[in-house]
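So the structure is just underneath, and the comments pick up after that.
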Amino acid sequence: MKRLIECVPNFSEGRDLAKVDAIVAAMREVPGVFLLDRESDADHNRSVVTLAGDPEAVAEAALRGVGKAAELIDLTRHTGAHPRMGATDVVPFIPIEGVAIEDCVALAKKAGREIWERYRIPVYFYEAAAQRPERTNLENIRKGQFEGLREEVLRNPDRAPDVGEPRLHATAGATVVGARKFLIAYNINLNTPDLEIAKKIGKNIRFSNGGLRYVKAMGVDLRARNLAQVSINLTDFEQTPMHRVFEMVKREAERYGVSIVGSEIVGLIPKRAIELTADFYLQFENFSAAQVLENRIEASLAGVATEGPGKLAGRAQPFLDAVAEPTATPGGGSVAALAGALGASLGHMVAGLSRKKKSQAAFVDALSEAVAKFSAASRELAGAIDRDAASFESVMAAYKLPQGTAEEQQRRDAAIQQALRGAADVPLEVARKAADIFDQLGQLESMSSPSMKSDLRVGRLMAAAAVRGALENVAINLESITDAAFLARTRAEAESLASRVSETAVSARHS
């Protein structure tokens, strides 16, 4: 299986392009790493580089970039509109293919330790790699920026780094390393130089102040253009799509008598994000991602049948064949994940069609939100098909470890227990997500077109089957786990999830 990650290191230099060139060159020396994009902004005085490739190779490239940035960037002389605390400010690892977020967390921890060992730059971990809840959000770690943190870390143990001594590097500061989902860096420019307006809008739209979920935002002064900017990080574009952010900024700007003059993407953006926005603004009738030329070409190149009377069966057959193979994976856990994804996809279809009907006009906003939720859930559960298979293979690999000596036996036993917990965690997460889908499909019935009631009910049955099937996989792994606390906690949650999709709950909507 191909393993692919993305890494988007941010460097505190956007004006001296010779320095940025040297940093990029250092990273490109590593074989197996692809430079997808680089962007520098003079106002922000910051550069964002996008790398992709094999996880270990990408991590090594990022480490070399950190080292070169430490040589070339002196934060005691650095100024810019964007907050920063390090020459290399952040290094996030993002799973793309054949890699789970947990793998990126492990990679982040390894890279963080290596940054300290090689360069004596202290490291903080954020997002999924955070070791303390308050450090999940980057803004909490970066509070005070380089100048403030440099002083506070010496006297406040709560600000001490996760790796390294409680002091910043004299010129390179500290680096924040983490693992996260794909993030869209999206900036919206206003036709005013009034920074306070941009700050107020940023405060109103960001989730930490009661705004949009999965949105982080702040105001930035673009002095070179005599404009104020709302700088946004969108951490889950399917749950909160770009058009919803744009429309909210537009409405907030109108309150202050200003308007939007343009917006920009920093780095790369998934095609899916553009498709969602195009569908919203153009109000396509019965739009499908399969209508996008590049998507159809990609499917054809992958050997998927896209024309003729058997095109749907042709798309399903490869997975059916894989399940039928006389191999342990994919098995019941993967099938349960697929059932949940199908339930979510049916919800996506029903909500998407219903919001285009005049009879459901009163529910357009709620239906649009449902479309985003079901789309994200379907993709997450589809990803769990491979994660479940991989977790089982990890268990098998652990059982094959040598056990000739007492030390080997001890390592083998520990590896087995760790793999079993992972093999229980994956289907438990599938059950959680599928139970949510089950509930959301029930809520959708009152808003959707009556003609699609049967589709909703099939979706609920699929979601219920996903929960029950996933919990069967949880149960069989728990049989061999010795951690009493883990067993008690997991069994209690499994029982709660099962009750949510009981026969009574399934039939309640049918009466």
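The values are calculated or read from the model by the stated rules, or taken from the named source; none is laboratory data. Fair warning: this is a prediction, and the values are worked out from it, not measured in the lab. No Cβ is skipped: glycine too gets one built from the backbone with ideal geometry, and neighbour counts run over all protein chains shown.
Residues that are in a loop (DSSP other than H, G, I, E, B) and under 14 Å from L138 (Cβ atoms) were ranked within region 162-180; the one that is modelled with the lowest pLDDT is R180. Being surrounded by fewer than 23 Cβ atoms within 10 Å (Cβ to Cβ), in a helix (DSSP H, G or I) and among the aliphatic types (A, V, I, L, M) is a description that applies to A389.
Restricted to region 94-117, and to residues there that are touching a Leu at 6+ places or on another chain (Cβ under 7 Å) and among the charged types (D, E, K, R), the residue that is farthest from G422 (Cα to Cα) is E114. Of the strands (runs of 3 or more DSSP E) lying entirely inside region 186-273, those carrying at least 3 residues that are surrounded by fewer than 19 Cβ atoms within 10 Å (Cβ to Cβ) are 260-266. None of T76, T50 is among the polar types (S, T, N, Q), over 22 Å from the mean Cα position of the chain (by Cα) and surrounded by fewer than 20 Cβ atoms within 10 Å (Cβ to Cβ) except T76. In region 22-37, the count of residues that are closer than 28 Å to T76 by Cβ and part of a strand (DSSP E or B) is zero. Among the criteria (1) under 24 Å from A273 (Cβ atoms); (2) surrounded by fewer than 20 Cβ atoms within 10 Å (Cβ to Cβ); (3) not acidic (D, E), the one G178 does not fulfil is (2). Selection of region 120-142 for residues being assigned to a loop (DSSP other than H, G, I, E, B) and either hydrophobic (A, V, I, L, M, F, W, C) or surrounded by fewer than 19 Cβ atoms within 10 Å (Cβ to Cβ) (or both) yields R120, I121, A128, A129, A130, Q131, R132, T136, N137.
The single condition among (1) free of Cβ contacts under 8 Å to residues at least 24 places away in the same chain; (2) outside any helix (DSSP H, G or I) that E117 does not meet is (2).
Taking R255, is it in contact (Cβ under 8 Å) with a residue 24 or more places away in the chain and on the phi < 0 side of the Ramachandran plot? For R255, the condition - in contact (Cβ under 8 Å) with a residue 24 or more places away in the chain and on the phi < 0 side of the Ramachandran plot - is not met. Contact annotation: no residue pair with Cβ atoms under 7 Å, 6 or more positions apart or on different chains, pairs a residue in region 355-367 that is farther than 15 Å from S446 by Cβ with a partner that is in a helix (DSSP H, G or I). Restricting the first member to region 374-389 and to residues that are in the same structural domain as N473 (by TED's automatic domain parsing), and the second to residues that are polar (S, T, N, Q), the beta-carbon pairs closer than 6 Å and six or more apart or on different chains are A376/Q239; S378/S345; I385/S334; D388/S334; A389/T329; A389/S334.
For region 397-416, indicate whether the set of residues that are surrounded by fewer than 16 Cβ atoms within 10 Å (Cβ to Cβ), assigned to a helix (DSSP H, G or I) and in contact (Cβ under 8 Å) with a residue 40 or more places away in the chain is non-empty. The answer is no; no qualifying residue exists.
Here is a yes/no grid of residues against (1) of a type in the set (D, E, K, R); (2) in contact (Cβ under 8 Å) with a residue 60 or more places away in the chain:
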{"site": "A26", "(1), (2)": "no, no"}
{"site": "V49", "(1), (2)": "no, no"}
{"site": "A59", "(1), (2)": "no, no"}
{"site": "K68", "(1), (2)": "yes, no"}
{"site": "A81", "(1), (2)": "no, yes"}
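Looking only at region 403-412, decide whether some residue is within 26 Å of E479 (Cα to Cα), over 21 Å from the mean Cα position of the chain (by Cα) and hydroxyl-bearing (S, T, Y). Looking through region 403-412, at least one residue is within 26 Å of E479 (Cα to Cα), over 21 Å from the mean Cα position of the chain (by Cα) and hydroxyl-bearing (S, T, Y).
If I filter region 83-114 down to residues being assigned to a strand (DSSP E or B) and either modelled with pLDDT under 95 or among the small types (G, A, S) (or both), which single residue comes out as surrounded by the most Cβ atoms within 10 Å (Cβ to Cβ)? It comes out as G86.
Of all residues in region 472-493, those satisfying the criterion of being part of a helix (DSSP H, G or I), surrounded by fewer than 22 Cβ atoms within 10 Å (Cβ to Cβ) and hydrophobic (A, V, I, L, M, F, W, C) are A475, I476, L478, A484, A485, F486, L487, A488, A492. Note on region 123-150: residues that are over 20 Å from G80 (Cα atoms) and not small (G, A, S) amount to 12.
The set of residues from region 105-131 being of a type in the set (D, E, K, R) and within 16 Å of the chain's Cα centre (by Cα) comprises just one member, E127.
Looking at region 349-363, is at least one residue in contact with a Lys or Arg (Cβ under 8 Å, 6 or more places away or on another chain) and assigned to a helix (DSSP H, G or I)? Yes, region 349-363 contains a residue that is in contact with a Lys or Arg (Cβ under 8 Å, 6 or more places away or on another chain) and assigned to a helix (DSSP H, G or I).
Looking across region 181-213, just one residue is closer than 16 Å to H44 by Cα and among the β-branched types (V, I, T), and that is I188.
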